[in-house]
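Participant: Mind having a look at this structure? Questions to follow.
Read the figures in this text as sums done on the coordinates, not as results from a lab. All figures in this text were calculated on a predicted structure; none of them were measured in a lab. All Cβ positions, even for glycine, are placed from backbone atoms using ideal geometry, and neighbour counts span all protein chains on display.
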Amino acid sequence: GMVGGQAIDLESEGHRIPMQELQKMHMGKTGALFRAALRSGAILAGATEGQLAALTSYAEGFGLAFQITDDILDVTGDEKLIGKPVGSDIRNEKSTYVTLTSLDEAQRLAKETVDKAVKALAVFGPEADFLRQLVRYMLERKN
């Protein structure tokens, strides 16, 4: 997944790609990292199939929310905090959630994605509150 996502990223530089391809790229890159981390921990802890499915859905939402907010920060962030010049994605003609929609729509998509990730944890009780807080942080992060 990560290699495929990176391949899409490299091939798409300099031209617009459809939203579906952007999502596929991010699910392959960022999503795969979070999916692997959460699934590994869940498997080692003896999670049930239902718990594993819930954590997989959460991880995919977390990765997507991370990427959407990263695209937002490229427009609204502080260079010193994000570690790259603001607007570099646009200057490098990268397709992002902001360039394919708008800043407002990207912010709406980020919130919707975070809400879905939180809902995926419904099978867990308060022991998953840390994961809920962690994905909600995506909407507030500055870097």
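Participant: For Kirkwood radius over Cα pairs in Å, pick the label among (i) 16.4; (ii) 22.3; (iii) 15.7 that corresponds to the value derived from the coordinates.
Facilitator: Computed from the coordinates, Kirkwood radius over Cα pairs in Å corresponds to (iii).
Participant: So which trypsin sites (Lys or Arg not before Pro) in region 1-85 pass both tests, a DSSP loop state and at most 16 other Cβ atoms within 10 Å of the Cβ?
Facilitator: Answer by residue number: Arg16.
Participant: Sort out the exposed loop GluC sites (Glu not before Pro) in the chain (DSSP loop, at most 16 other Cβ within 10 Å) and tell me the longest stretch that has none.
Facilitator: In short, 14-92.
Participant: For every helix of n ≥ 4 consecutive DSSP H residues, a contribution of -39,500 (n - 2.57) applies; sum these over the chain, divide by its total residues, and give [θ] at 222 nm rounded to the nearest 500 deg cm²/dmol. Kindly include the intermediate steps, with their values, before the conclusion.
Facilitator: Values: 9 runs with 103 residues, N = 143.
My calculation for the chain gives -22000 deg cm²/dmol from helical runs alone.
Participant: While we're here: What angle do you read, to the nearest 10 degrees and between 0 and 90, between the alpha-carbon axis of helix 49-76 and the longest principal axis of the chain?
Facilitator: 20
Participant: Tell me, what is the percent relative contact order of the chain, built from C-alpha pairs under 8 Å that lie six or more residues apart?
Facilitator: About 28 percent, as a whole number.
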